[in-house]
1. Would the stretch 146-162 turn up any residue that is at pLDDT 85 or above and either within 56 Å of the chain's Cα centre (by Cα) or surrounded by 11 or more Cβ atoms within 10 Å (Cβ to Cβ) (or both)?
2. Conditions first: (1) under 30 Å from residue 336 (Cα atoms); (2) in a loop (DSSP other than H, G, I, E, B); (3) not basic (Lys, Arg). Residue 285 passes all but one, so which condition is the exception?
3. Test residue 165 against the stated conditions and say whether it is under 43 Å from the mean Cα position of the chain (by Cα) and either at pLDDT below 85 or among the polar types (S, T, N, Q) (or both).
4. Considering only residues of the stretch 347-384 that are touching a strand residue (DSSP E or B) at 6+ places or on another chain (Cβ under 7 Å) and hydroxyl-bearing (Ser, Thr, Tyr), which is modelled with the lowest pLDDT?
5. Of (1) touching a residue at least 40 places away in the same chain (Cβ under 8 Å); (2) more than 19 Å from residue 224 (Cα to Cα); (3) small (Gly, Ala, Ser), residue 147 satisfies all except one. Which?
6. Taking the conditions exactly as written (closer than 27 Å to residue 241 by Cα, touching a strand residue (DSSP E or B) at 6+ places or on another chain (Cβ under 7 Å), surrounded by fewer than 15 Cβ atoms within 10 Å (Cβ to Cβ) and not hydroxyl-bearing (Ser, Thr, Tyr)), does residue 338 satisfy them or not?
7. Considering only residues that are surrounded by 13 or more Cβ atoms within 10 Å (Cβ to Cβ), free of Cβ contacts under 8 Å to residues at least 12 places away in the same chain and closer than 27 Å to residue 224 by Cα, which ones fall in the stretch 163-185?
8. Pull up the stretch 229-277, narrow it to residues that are polar (S, T, N, Q) and in a strand (DSSP E or B), then point me to the one that is surrounded by the fewest Cβ atoms within 10 Å (Cβ to Cβ).
Amino acid sequence: MRLIALILLTLALALPLAAQTNQPSGTITVDGSADADAAIANRIRNILAELEGYDDITVSVSSGIVTLRGTTLDMPSAVRLSELVGRVEGVVAIENDVVETTDVARRLNPAVDRFRDRLTQAVAFLPLALIAISVFVLIVIFGFFIARLRQPWERLSPNAFIADIYRQIIRLLFIIGGLVVALDIVGATALLSGILGAAGIVGLAIGFAVRDTVENFIASIMLSIRQPFRPNDTVEIEGDTGKVIRLTSRATILLSFDGNHIRIPNSTVFKSRIVNYSRNAERRFLFEIGVDASEDDLARVRDLAEDTVAALPFTLTKPAPDVWVDRIGDGSMVMNVAGWIDQTETSLVRAKGEAIRQVMAAVAMAGYDMPNTTYRIEVPDVLRGAVAPLDLTVTEEDEDDTPTPDETPRTTDPTPAPLSTQSVDTREDELDEIVQSEREETERDDLLRENGAQE
């Protein structure tokens, strides 16, 4: 029932205004005449003649009651007609029988007229619009010309990447400035707030969509300014070790010691722990040796290893070499041997290998044994019967040939004759040449500078 009532109410509201009577407010006069009715009708006709869209309206007045018949383009026009007639003096009541026209040609004519008027306005507005566009283009061209200059942007920026960012900012500022001037010429500066608001919303949406890209871009800016490493530096980032080739706007390129390229996103580099092995020329090598010796002999072996490393021509005297007992191993005492080199002149791996060789030889020549790991093998009882017993009988000849522990010869000379030292010159020149050749190919994209500020 509620649905039926709602439908009936909608249909009633959609009916023509013929059934509606607009009763003007005010006191009804006692006197009424045909002259007064004719005057009211003439007044209403004159008003409607000056208004557009009421050409098909007929007006009749009897005893102050106005009857309106005819058609209008739309129902709002008919409603306004009742309001207008009600304001005429002497009108007692209004019978509005005006309906909405169904003539297609008549309803299309206003739209055609509006289109013609707007076209005329556009043609009249065209010279002003052309002037505004010309001013906008001139401002933008001037801004792009300033942005293309090498100076002062390259002098103000630490690298080419930051200089390009300066140029992009200059271009954006001139574009916005040209837009403001152009809108001011045509008198439409109110549109600027809407344009900037829409641009801000779009930029925010894009920022959320490409959050990782934005983070990587910001990390590239920070790394290009701070420069925690330089070209050819040996660094370790996220477990990857290699020589730095270049820093681009997206990633840091390393050349591993196996000759492979390693690309690490700058956002990862910026947040990671970076170990720069090339920052200081001095670098320490470290290795372990195991010695099967008594307490007194440990001191002699330690001094012997330290003197041996110190005597090597490539080790530095400051910081000095150092040897210390680190722990108790499997049947031996484990010592750490450390020495320092100038890695710009000496290869770390070759220096370490040569130091190990010299220390091992010195300890062996001094008569100290390097421990051998001993494993004990137990044979199950079920297998013992299947294995022939060993003849462990000692003959007289064996007794004569076996020396007693006191008779075992042992050389304890702490300063044996040193071995000849092999070449330990650095062998990274080939890698440096590869890095340099690749840097020359992509010099424009590199954000690192040899003489740039380094944190």
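1. Yes: one or more hits.
2. So residue 285 meets the others, but not (2).
3. On the way: under 43 Å from the mean Cα position of the chain (by Cα): yes; either at pLDDT below 85 or among the polar types (S, T, N, Q) (or both): yes.
Here the answer is yes, as residue 165 does meet what is asked.
4. Across the stretch 347-384, the extreme among qualifying residues is 368.
5. Of everything listed in (1) touching a residue at least 40 places away in the same chain (Cβ under 8 Å); (2) more than 19 Å from residue 224 (Cα to Cα); (3) small (Gly, Ala, Ser), residue 147 misses just condition (1).
6. Details: closer than 27 Å to residue 241 by Cα: yes; touching a strand residue (DSSP E or B) at 6+ places or on another chain (Cβ under 7 Å): yes; surrounded by fewer than 15 Cβ atoms within 10 Å (Cβ to Cβ): no; not hydroxyl-bearing (Ser, Thr, Tyr): yes.
Against the criterion (closer than 27 Å to residue 241 by Cα, touching a strand residue (DSSP E or B) at 6+ places or on another chain (Cβ under 7 Å), surrounded by fewer than 15 Cβ atoms within 10 Å (Cβ to Cβ) and not hydroxyl-bearing (Ser, Thr, Tyr)), residue 338 does not qualify.
7. Once the filter is applied, which keeps residues that are surrounded by 13 or more Cβ atoms within 10 Å (Cβ to Cβ), free of Cβ contacts under 8 Å to residues at least 12 places away in the same chain and closer than 27 Å to residue 224 by Cα, the stretch 163-185 yields 163, 164.
8. First, pick out the residues of the stretch 229-277 that are polar (S, T, N, Q): 232, 234, 241, 248-249, 252, 256, 260, 266-268, 272, 276.
Narrowing further to those that are in a strand (DSSP E or B): 234, 241, 252, 276.
On the way: 234: 22, 241: 14, 252: 28, 276: 16.
Only one residue fits best here, namely 241.
The values are calculated or read from the model by the stated rules, or taken from the named source; none is laboratory data. As the structure is a computational prediction, the values presented were derived from the model and not from experiment. Cβ sites come from the backbone with ideal geometry, for glycine too, and all protein chains shown count toward neighbours.
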